[in-house]
Each structure stands twice: as structure tokens, then as C-alpha cells.
Amino acid sequence: MPSLFRTILFMVIAGVTLISPLAEAQDRAPTNSELLDDFRHYVITRQDQLAEASGAALLSRGLTPEEFVGLVEDSRFGLEGFENAIRKGLFIDQVESIAAQLEQLYQQGRKDKARNPDEIARNINLLASNQRGRILGRQRLQFAGEYATPQLLQVLVAKSDPALEAEVERILVSMGADSVAPISAAILAVDPVLQERLAGVLGRTQHPAALAPLYELAYSTDVPTVKVAAESAIARISGSFNPNLQLTDLYALLAEDYYDHSRSLTRFPNELHQLVWSFDPSLGLYATPVRTEVFHEALAMTLAEHALEFDPTNNRAVALWVASNFSREIDTPDGYDNPMYPADRRDALYFAVAAGPRVTQDVLARALEDRDTPLARRAIQALRRSAGGAGLWDGLGGSRPLLDALSYPDRRVQYEAALALGAANPVEPFPGAERVTPLLASAIRDAATRFALVVTPGVERQQMITNLLSNEGYTVLPAASSLDEASSTIAEAPGVDLIVVEGRTPLVEQTINDARASSKLRAAPILGVLPAAGWSELHFRFENDALTEVRREGISDDQMLESARQLVLEASGPLITEDEAQRYAFDSLAVLRDLAISGSSSLSVSDAALPLIGALESTSGEVRLEVADVLARIGQRRSQIALMDAALDASGDERVALLEKVTRSAKAFGNLLEDRQVNRLVDLTSADNAEVATAAAALMGALNLQGGEILDLILVSR
């Protein structure tokens, strides 16, 4: 029967006015059990509004997760009734959110209860009871997973109950990956008898993550039985024991797996924290909770350090440590105090600079391969601080990561790589050098421009999404119905900062695949909008891909824009601001000027003449004068002509400054001006503005003109 609360609520929704019954209902508020029963009843009978109300009322009671588990287990319909209601509720639009919250509360309660040390102790005691107790204890301990391992290990350390020890050993094996990291942390620090036993457990888990500590045990032990146990465990996992394997390589490989966020090494993928295990003989086995965002980096750094303890010359491990440290810094949540990296320890850039350009270019190569834009930028930042021309490519063989970065799809990476190469000024010419200075010149003009591409078959949707992105500040390339159709415009654009593809599943999937195969688009953020059926498949495929987001069709304009903003932010960082663009412009101009002054033998500023002339026309103020200063150092006729045209079109102080730049060019390279410009110059020598006239006269002198021009000037001035 419905509760009094349910009856009154139904009547209120139906429009019946109630006064005294409502007051009576408030005096006799429904219990938590009644609210849970009401939720189940209304879900099953499809009274959606009432189901939502009763579920929300239950959530408002503020039950702890463990209290809610008890409520469910003690309810008259039990766990089965609750799960049935949740399954149905998740498919009802109005109830979906409430049902999901109740399900999350229940699952969290199960975890909290299972992981409670007192509960774990009770379940271990059940292992020594009757058959039903043992089955129940096993199930609960397996569900507790890693959290149960310290107390399970204590049973083995105590050596007081052989039957219980055997049961615990079986549970540790059945836990599989959940027991590998804790046992690996302990196995080298316990007594030989326990080492032998734990080696057997690791071998039976057959998990590859156990190989490095098992090899270390096999190499370091003086106890024959322990050595045999370790070698046997290794053979069980990998097929054979190889005495030629080096510990530095084994730990570096395991560190790589953590760096790659291997699913097999992530015990709680949807939880806020992961556990890092340690063993202290006086304390036993204990865990340090670490935020999931930086857990893998913490283990990668720890294992890379261990690899370096066995071989300090392992550059692969050094590069992995530097990359992990940068990633840790990038991924650390705001305000989080990482227990694995104290706040008083130096920042990641310090270690990267100290490691030198060879290591940092290895980090950059990794970032480019992984399409990890934030990491690529950190590596380039370090290279700008430490890389010099003479040793820029030392130790890299045929690899040129900094040069490869010039073709990376993200324009920040392109600009910063060009700045690093220009600042390093390599001593010897190298293939691809001709791309550096034009890219620096393009940063002066195009850095703040954001380019987007829309791929969708319908003209109406093309226009709608184009308008949406244009209002967001993007320069939208001509829309297309496929990536092939847009190939020419993509090739002409400086870069593509966002792709929005909308349509049927095959179109969205093909566009994503083709973009990732394109050298220019492989790191471009892609937002795909597709039917619900296709979304279910592609969502899981790309859920861990920071460059790709898929949404179900029917989302609002605001939802599409917000998805695009978050995607671009995570994939490439914040969009380039006007202030940032100006910094790129000044940095690029400074590097170009230094290269021009040094007369670099490997990087020619002349290659940048055309984009610099374009920048002279499109910039203003201090930036324009800096562009003119660089053009004045390029010995090309078109550069001097462009400078003079700019001076003739200017006025006041800017005209004076630009005439001085033309004078500098004329002093260095002679008269390269056109006759029309010389004639205008003669006129300027008679200008009313004394500063303009003097600047014009100085230029005439630098041009070293002959004959009539000078005579006319003298006669006019009498």
C-alpha cells in the first residue's frame, strides 16, 4: 500500500487542496524505508513525477553510503527489488538522474563497507569458520581488493594458523592484479620464508607487472629456495627465466606501462584516488592514496628512479622520468597537495633543463608521437633554455624532434619550436631549416587567429554550425560534406584548431580516422555529433582520447559550444589570447633580428621576407616598427621597396621611424628603391615637418644619389 506521504503527494500533484492532512503528514514524515519502497513502486507503475519526488526526498535525508547500503539490504524487497527499480529508472528521462544518484550512493556504500578495516578483519575471521562463512568471506575480501591486502599479508607474516594462511594465499591469487602491486612492494623486505610464499602467489597471478620485482628477488637473494621460487614464478608468467635481462630495463618497461595509463595497472579507473603501496618492517604494508589524475605519473617516476639506481646511464629512464614529471605538473588538480611530490621540491622545468637537450628532445619526440600538446610545449620550453647550436642534434642520430615539431598541427607548438630553433641558431645547415624563419614571421600576424572546420552533409546545418563557431571567435574554413572535400582549404590554412563533424555514424567515424591519419590534423581536436546508436559505440572507443569528444545528436547550441570549449582546453590548452599573440610576435621578431645580425649560416632571415612584408601591412604600432627593423636587415629589393612604401603611406613620428629603417637598409645594401619612390623622397625633403625632412634627407644621403636629385635639393633650399 502506498504510504500516507505518497497519497498526499499524488493528491497535491493532481490539484487537490489539502491543509490539515498536509500538516498531519508533516508530523508523520515517511521513514527512509517508506521512501525507498515508494521510489520502487512509482518506477514500476510508471508514475514518473512521483518516483522522482520520492527518490529526491530520500537523497535529501543525507544518508551515508554505508547507511544506504544497510537500508537497501534491510528493505522488504531487498537488493533484487532495488536493482530492478534502478534498471527501469535509468531508462526513464524524468527519473534517470535520481536513479543514477541512488545507484552511485549504493555502489559507494558497498565499497566503503567492504574496505572498512573492521569489516575486512571480520571477513578474514570468516575464512576460519564453516563452508558458508568461508565463501562469504572470500567474496567480500575479493570485492575489497587492494584495500584488504595489508591485513591479509599480516596473516601470512604471523604464521600462527596454517589453515587460515592457506586460505589467505588462495584469496591473494584469486584477487589477481589487485594483489600484485601490494605484494611487489613487500616481497623484497620480508623474511625468506615469506618471500618464497609470496613469489608463488605472484607467479600464480600470471600478471606481467610482477616480473620486475621477481627478477630483482631472483638476482638479489642468497637463499636457494627463494631463488628457485622466484625463477619458477617468472617462468609461469613469461614462459621462461632469462638471466640476461637487466633490472634497469625491466623497471623502465614497467614505468612505461604506468606512463601509458595501462588499464591493467589501474585498479579503480572511475574513482578519485588510486593506491601507491609501500612496506616498512616496523609498520608493515601500507598505502598512500593519490589522485587518479597523477597516480600513473607518480608510479612511472618511482619506477624510473629505481631503473636509474641499477644503471645511472639509462637515458631512456631519464627521459621517461622527465616526461612523467612534466605530465604530473600538467595534470595536477588545482590546490592538490601531492604526497608523492612535496611542494618544496623543484618544479619539472628545473630537472628538464638540467637533463640537457638530448634528453629533452627525447621527451619532445614522445610528446609528438603521443599527440600530447601540453607535454610538447613543456619540452620545447626547456629546449629554449638549454639547447645551443653546436650540440643541438648531438646524440640523436637521424632524429630531429624539434624540427618535426614545426609540422605539428598545434600552432603554439609550431611557433615555440621555431623560436627554440631560432634561438639555438644551429651551426651547421640542416634539412628543413628553410621552414623556420617563415614560421616565425607568420607568428607575427596569424598567432591569435583561430581556425575551425565544419564537416556535415546538410547545407543548413553547415551554415548553423559555422555561425555558431564564428560567433565564438573562430575563422571558419569553407564547410564541407567530407574531409576530402575540404583538403585544399586545409592545406592553405596555417592550422586547424577545431573540427566539428556532424552526421551519420560512418561519416563521423571516417572523418575522425582520416584526420588522425593526416599529418596536419592528427592532433586537431575533433567534436563528433552522431545518432545515439553510434554514440554508444564510439563513446567508449574515444573516452580516454583527450583529442576527441563524441556527443549524441539533439544537443543544444550551448551544449555544443561548451563541449567544444572543454575539448579544445584539454587538447591544446586555452586559446591564444591577444596578449599571448603579441608575446609570440615580439619573441619571433627578436629571434629574427638576432639571426639577421649574426648572419646565421643555417637559418636565413631572407626566407621570411614575404610573410614579413605581409606583416608590415597588417600590423601597427611597436610591432610594425619591429617588423620594419628586421626587413631593414634583409638584403632584398622587395624588402627595401616595401619599407619605403610603408614610410610614404605613414605620417608623423611613424613616418620618421620607417624612413630611418629604410636608411638602415640603404646603408647596408645600397639603393634598391624604384624611381617613383626616389621622386617622392625628394619631395619629402621639403616637408614642413622638420623631423620628416631631416629623415628624408638622411635617406637620400644613404642612397648615395648622383646628379640632378642632389642639385635640386641644394637649389630649392637656397
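The values are calculated or read from the model by the stated rules, or taken from the named source; none is laboratory data. All figures in this text were calculated on a predicted structure; none of them were measured in a lab. Cβ sites come from the backbone with ideal geometry, for glycine too, and all protein chains shown count toward neighbours. Calculation scope for accessible area: heavy atoms of the full protein, side chains included, ligands and nucleic acids excluded. Shrake-Rupley method; radii C 1.70, N 1.55, O 1.52, S 1.80 Å.
Has the range 60-82 got at least one residue that is among the acidic types (Asp, Glu), within 41 Å of the chain's Cα centre (by Cα) and surrounded by 19 or more Cβ atoms within 10 Å (Cβ to Cβ)?
no
Please find, among 405, 448, 452, 417, the residue that is under 23 Å from the mean Cα position of the chain (by Cα), under 24 Å from residue 525 (Cα atoms) and part of a strand (DSSP E or B).
It is 452.
Can you tell me which of 371, 377, 366 is under 18 Å from the mean Cα position of the chain (by Cα), open to solvent by 20 Å² or more (accessible area, probe 1.4 Å) and at positive phi?
371
Yes/no per residue for (1) among the β-branched types (Val, Ile, Thr); (2) over 19 Å from residue 349 (Cβ atoms); (3) assigned to a helix (DSSP H, G or I):
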residue	(1), (2), (3)
383	no, no, yes
388	no, no, no
399	no, yes, no
409	no, yes, no
413	yes, no, yes
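Testing residue 523 on (1) open to solvent by less than 30 Å² (accessible area, probe 1.4 Å); (2) in contact with a strand residue (DSSP E or B) (Cβ under 9 Å, 6 or more places away or on another chain), one condition comes back false. Which one is that?
(2) is the only condition that residue 523 fails.
Looking only at the range 285-320, count every residue that is part of a strand (DSSP E or B) and not hydroxyl-bearing (Ser, Thr, Tyr) and tell me the total.
Count: 5.
Does residue 350 satisfy being aromatic (Phe, Trp, Tyr) and either in a loop (DSSP other than H, G, I, E, B) or in contact with a strand residue (DSSP E or B) (Cβ under 6 Å, 6 or more places away or on another chain) (or both)?
Criteria not met by residue 350.
Please count how many residues of the range 536-565 are among the hydrophobic types (A, V, I, L, M, F, W, C) and either free of Cβ contacts under 8 Å to residues at least 24 places away in the same chain or open to solvent by 80 Å² or more (accessible area, probe 1.4 Å) (or both).
Here the count works out to 1.
How do the helices (runs of 4 or more DSSP H) wholly within the range 566-631 filter down when requiring 2 or more residues that are among the charged types (D, E, K, R): which remain?
Helices (runs of 4 or more DSSP H) meeting the threshold: 578-598, 621-631.
Taking the condition of being exposed (fewer than 14 other Cβ atoms within 10 Å of the Cβ) and assigned to a helix (DSSP H, G or I), how many residues in the range 84-93 meet it?
Qualifying residue count, the range 84-93: 2.
Results for (1) in contact (Cβ under 8 Å) with a residue 12 or more places away in the chain; (2) open to solvent by 40 Å² or more (accessible area, probe 1.4 Å), shown as yes or no for each residue.
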| site | (1), (2) |
| --- | --- |
| 397 | no, yes |
| 412 | yes, no |
| 417 | yes, no |
| 424 | yes, no |
| 434 | yes, yes |
| 438 | yes, no |
| 465 | yes, no |
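Which residues, taken from the range 503-520, are open to solvent by 20 Å² or more (accessible area, probe 1.4 Å), without any contact (Cβ under 8 Å) to a residue 40 or more places away in the chain, not β-branched (Val, Ile, Thr) and not in a loop (DSSP other than H, G, I, E, B)?
If the condition is that a residue be open to solvent by 20 Å² or more (accessible area, probe 1.4 Å), without any contact (Cβ under 8 Å) to a residue 40 or more places away in the chain, not β-branched (Val, Ile, Thr) and not in a loop (DSSP other than H, G, I, E, B), then 506, 509, 510, 513, 514, 516, 517 are the ones that fit.
Name the single residue, out of those in the range 472-502 being over 15 Å from residue 447 (Cα atoms) and of a type in the set (Ser, Thr, Tyr), that is surrounded by the fewest Cβ atoms within 10 Å (Cβ to Cβ).
Here the residue is 488.
Give me a count of the residues in the range 265-295 that are among the basic types (Lys, Arg) and surrounded by fewer than 16 Cβ atoms within 10 Å (Cβ to Cβ).
Residues flagged as among the basic types (Lys, Arg) and surrounded by fewer than 16 Cβ atoms within 10 Å (Cβ to Cβ) within the range 265-295 amount to 0.
Checking residue 336 against (1) aromatic (Phe, Trp, Tyr); (2) within 24 Å of residue 547 (Cβ to Cβ); (3) in contact with a strand residue (DSSP E or B) (Cβ under 9 Å, 6 or more places away or on another chain), which test does it fail?
(2)
Select from the range 18-40 the residues that are modelled with pLDDT of 90 or more, more than 13 Å from residue 99 (Cα to Cα), open to solvent by 50 Å² or more (accessible area, probe 1.4 Å) and in a helix (DSSP H, G or I) and list them in ascending order.
Scanning the range 18-40 gives 33, 34.
Determine which single condition residue 392 fails, assuming it passes every other condition in (1) open to solvent by less than 10 Å² (accessible area, probe 1.4 Å); (2) part of a helix (DSSP H, G or I).
Status for residue 392: all satisfied but (2).
Just to be sure before I move on: is residue 343 closer than 30 Å to residue 289 by Cα, surrounded by fewer than 18 Cβ atoms within 10 Å (Cβ to Cβ) and more than 15 Å from the chain's Cα centre (by Cα) in the structure I sent?
So residue 343 passes the test.
Filter the helices (runs of 4 or more DSSP H) completely within the range 111-193 down to those with at least 3 residues that are closer than 29 Å to residue 67 by Cβ.
117-126, 131-144, 149-158
Consider residue 599 carefully, then state whether it is of a type outside the set (Val, Ile, Thr), surrounded by fewer than 19 Cβ atoms within 10 Å (Cβ to Cβ), more than 29 Å from residue 468 (Cα to Cα) and modelled with pLDDT under 90.
Yes; evaluated as a whole, the condition is true for this residue.
Can you name the residue in the range 226-264 that is modelled with pLDDT under 95 and assigned to a helix (DSSP H, G or I) and is also surrounded by the most Cβ atoms within 10 Å (Cβ to Cβ) among such residues?
That would be 264.
What are the residues in the range 571-592 that are out of contact with any helix residue (DSSP H, G or I) (no Cβ under 9 Å at 6 or more places or on another chain), in contact (Cβ under 8 Å) with a residue 12 or more places away in the chain and charged (D, E, K, R), if any?
The one that is out of contact with any helix residue (DSSP H, G or I) (no Cβ under 9 Å at 6 or more places or on another chain), in contact (Cβ under 8 Å) with a residue 12 or more places away in the chain and charged (D, E, K, R): 578.
Can you name every residue in the range 145-187 that is in contact (Cβ under 8 Å) with a residue 40 or more places away in the chain and either in contact with a Cys (Cβ under 7 Å, 6 or more places away or on another chain) or open to solvent by 20 Å² or more (accessible area, probe 1.4 Å) (or both)?
Scanning the range 145-187 gives 147, 150, 154, 157, 164, 177, 178, 181, 184, 185.
Tell me, which residue of the range 189-210 that is of a type in the set (A, V, I, L, M) and in contact (Cβ under 8 Å) with a residue 40 or more places away in the chain is nearest to residue 280 (Cα to Cα)?
189
State all residues of the range 526-535 that are open to solvent by 50 Å² or more (accessible area, probe 1.4 Å) and in contact with a strand residue (DSSP E or B) (Cβ under 9 Å, 6 or more places away or on another chain); if no residue qualifies, say none.
Scanning the range 526-535 gives 532, 535.
If only one of 639, 618 is open to solvent by 30 Å² or more (accessible area, probe 1.4 Å) and farther than 30 Å from residue 535 by Cβ, which one is it?
Exactly one of 639, 618 is open to solvent by 30 Å² or more (accessible area, probe 1.4 Å) and farther than 30 Å from residue 535 by Cβ, namely 618.
Just one of the numbered conditions (1) open to solvent by 20 Å² or more (accessible area, probe 1.4 Å); (2) touching a residue at least 40 places away in the same chain (Cβ under 8 Å); (3) not small (Gly, Ala, Ser) is not true of residue 402; which one?
Condition (1) is where residue 402 drops out.
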